[in-house]
Amino acid sequence: MIQDLLKESITTKDDLHKAKRKLSKKLGIHLPPNRELLKSYKELIKKQGLEPDPLFLHILKKRTVRTISGVAPVTVLTKPFPCPGRCVYCPTERGMPKSYLSNEPAAARALRSAFDPYRQVMVRLHSYYENGHKPEKIELIVLGGTWSFYPHAYQTWFIKRCFQAMNEFSFDHDIKKCTPKKSSWPQSMEQFHTTNQNALHRCVGLTLETRPDHITKEEIKRMRWLGATRVQIGIQSIFDDVLKITKRDQTRQQAKEATQLLKDAGFKINYHIMPNLPGSNLQKDDQMFKELFSHPDFHPDEMKIYPTVLPEFTPIMEKMYKDGTWKPYTDKELMSLLTKVKEKYVPYYVRISRLIRDIPATSIVAGSKISNLRQHIQMHMKKRGTLCKCIRCREERGRNIKTDYQKAKLFIDKIQTTGGTEYFISYENPQRTTLYAFLRLRLPEKKKSFIKELDGCALIRELHSYGQLKPILGQEVYTSQHLGFGKRLMNQAEIITKKKGYKKIAVIAGIGTREYYKKLGYALKKLYMIKSL
């Protein structure tokens, strides 16, 4: 079948599927999965000494969407541990971290690995290679409970083991298995980071998950020492009465303070927001989203929207549902609310990462069970002739832009936030419907920072080029990476920084991106890449 497929004119996954159906009928065999075809193709290349076709390899990949944003996400979960929260909506399944269920995909993988960080990373990287991906630029995402509440010794061990796995992982294509290098344990955190700077599998971003009431200056310094570049914080609601009813034990003021502190340290921020909480309603939720994207106290960079549902193992919420204290929105009401949010409120600089929690329908007692809610809303908006401006809906997703990237236009959006002015600098098509690359620049109001090396610095909080992951070694097709967008954006940020009177500029660089910034004249000073202008 592979030999016959190579004779066909295949340039898209649709072409591949049609050719597979035709040839399966001709050869009298069942329709083979792409994974098996990929394996056979690689064997044929080796056996006959052929030159691999990059496009054909790309099309055979399983789930190219996994690396379509330019990085390979690797999600790991911490072990079950007591949580400081009393939230009425959080499931408390025995043997699982607070708020996670054992049948959620990422949680199930962690459970099978006994929550061992080294094993979780190894298994995920192996899976990428098996499906034809090269996960050389890794976005490590640590979930599970409240990170800041775990003992420091456990935090340090956990992150070290993740870096050890990335540093040691090697995939033997002959035997189709991972073959870890000689163990590098024990090492200091700094040693693991230094090794990873030039490793084959580099950590280009590290995300930690916590609560806004646990964000302090000291906690931020510690997260930065671990290598973190982004923080997911459970805002849930910005209304104090709703937070009180749900026993969230935090306030709107704490959300504001946490946001400003994190931005002043250069972190990217992902808000978790829950419409339909007890004590809220459609009108209040509408007002909440409007404020989140317009009030200077907030302006998150990313957002995960988790419509409230009643999952298993949530006794207090179940009681509220039965006595009528909480009533879930109908699918129609939820669709209408989120459609309005995407059509009217979402700005160009925000990425809506999720529109619904990844809880299997079988574990939801009440609330929406539409797992592909984003697709439903997109189809609804398409019928209405409207588009969402969020980054995820506009990012360059696998198109070959080498013929039209020169038409990309520079856009600069100015955002007034509490404690500083932000600039979202991007290269997009003239209509702003396709985003190729962007940079987030912050100019703090106070030149003196609580992190000494950032005194007098403008801050680059994020630099990202979209498109299919472009490996550090080797070649990929269909990508907007490595076309010079990053350098041009950095240059533009430096121009703005100089005009505003700043003498230095700092980047909160992921460990695996330090070498890139060195080439642009930046030098590592403690925990940041810094350049004098």
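Tabulated data
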{"item": "Residue that is more than 24 Å from ARG109 (Cβ to Cβ), in the same structural domain as PRO105 (by TED's automatic domain parsing) and in contact with a helix residue (DSSP H, G or I) (Cβ under 6 Å, 6 or more places away or on another chain), where the choices are PRO347, PRO311, PRO275", "result": "PRO275"}
{"item": "Of the criteria (1) free of Cβ contacts under 8 Å to residues at least 60 places away in the same chain; (2) surrounded by fewer than 18 Cβ atoms within 10 Å (Cβ to Cβ); (3) in contact with an Asp or Glu (Cβ under 7 Å, 6 or more places away or on another chain), which one ALA366 fails", "result": "(3)"}
{"item": "Per-region count, segment 98-124, residues within 27 Å of ARG202 (Cβ to Cβ) and touching a strand residue (DSSP E or B) at 6+ places or on another chain (Cβ under 7 Å)", "result": "9"}
{"item": "Residue match in segment 235-243 (condition: of a type in the set (Phe, Trp, Tyr) and assigned to a helix (DSSP H, G or I))", "result": "no"}
{"item": "Selection status of LEU111, of a type outside the set (Gly, Ala, Ser), in the same structural domain as GLY145 (by TED's automatic domain parsing), under 30 Å from GLU395 (Cα atoms) and part of a helix (DSSP H, G or I)", "result": "no"}
{"item": "Residue satisfying condition, being of a type in the set (A, V, I, L, M), surrounded by 18 or more Cβ atoms within 10 Å (Cβ to Cβ) and free of Cβ contacts under 8 Å to residues at least 60 places away in the same chain, within set MET303, MET274", "result": "MET303"}
{"item": "Matching residues, segment 209-234, being of a type in the set (Lys, Arg) and either more than 29 Å from THR195 (Cα to Cα) or in a helix (DSSP H, G or I) (or both)", "result": "ARG211, LYS217, LYS221, ARG222, ARG224"}
{"item": "Top-ranked residue in segment 82-132 [being acidic (Asp, Glu) and more than 20 Å from the chain's Cα centre (by Cα); ranked as nearest to THR156 (Cα to Cα)]", "result": "ASP116"}
{"item": "Hits in segment 299-332 (condition: assigned to a loop (DSSP other than H, G, I, E, B) and of a type in the set (Ser, Thr, Tyr))", "result": "TYR306, THR308, THR314, THR325, TYR329, THR330"}
{"item": "Residue in segment 153-163 that is part of a helix (DSSP H, G or I), within 27 Å of the chain's Cα centre (by Cα), modelled with pLDDT of 90 or more and over 20 Å from ILE511 (Cα atoms) present", "result": "yes"}
{"item": "Options THR421, THR433: the member that is outside any strand (DSSP E or B), assigned by TED's automatic domain parsing to the domain that holds GLN492, surrounded by fewer than 18 Cβ atoms within 10 Å (Cβ to Cβ) and out of contact with any Cys (no Cβ under 7 Å at 6 or more places or on another chain)", "result": "THR433"}
{"item": "Hits in segment 57-82 - residues which are surrounded by 19 or more Cβ atoms within 10 Å (Cβ to Cβ) and at pLDDT 80 or above", "result": "VAL71, ALA72, VAL74, THR75, VAL76, LEU77, THR78"}
{"item": "Number of the condition not met by LEU125 [criteria: (1) in a helix (DSSP H, G or I); (2) at pLDDT below 95; (3) under 30 Å from VAL309 (Cα atoms)]", "result": "(3)"}
{"item": "Residue satisfying condition, being assigned to a loop (DSSP other than H, G, I, E, B) and either surrounded by 13 or more Cβ atoms within 10 Å (Cβ to Cβ) or touching a His at 6+ places or on another chain (Cβ under 9 Å) (or both), within set TYR427, TYR349", "result": "TYR349"}
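The values are calculated or read from the model by the stated rules, or taken from the named source; none is laboratory data. These numbers come from a predicted model, not from an experiment. Reconstructed Cβ throughout: ideal geometry from the backbone, glycine too, with neighbour counts over all protein chains shown.
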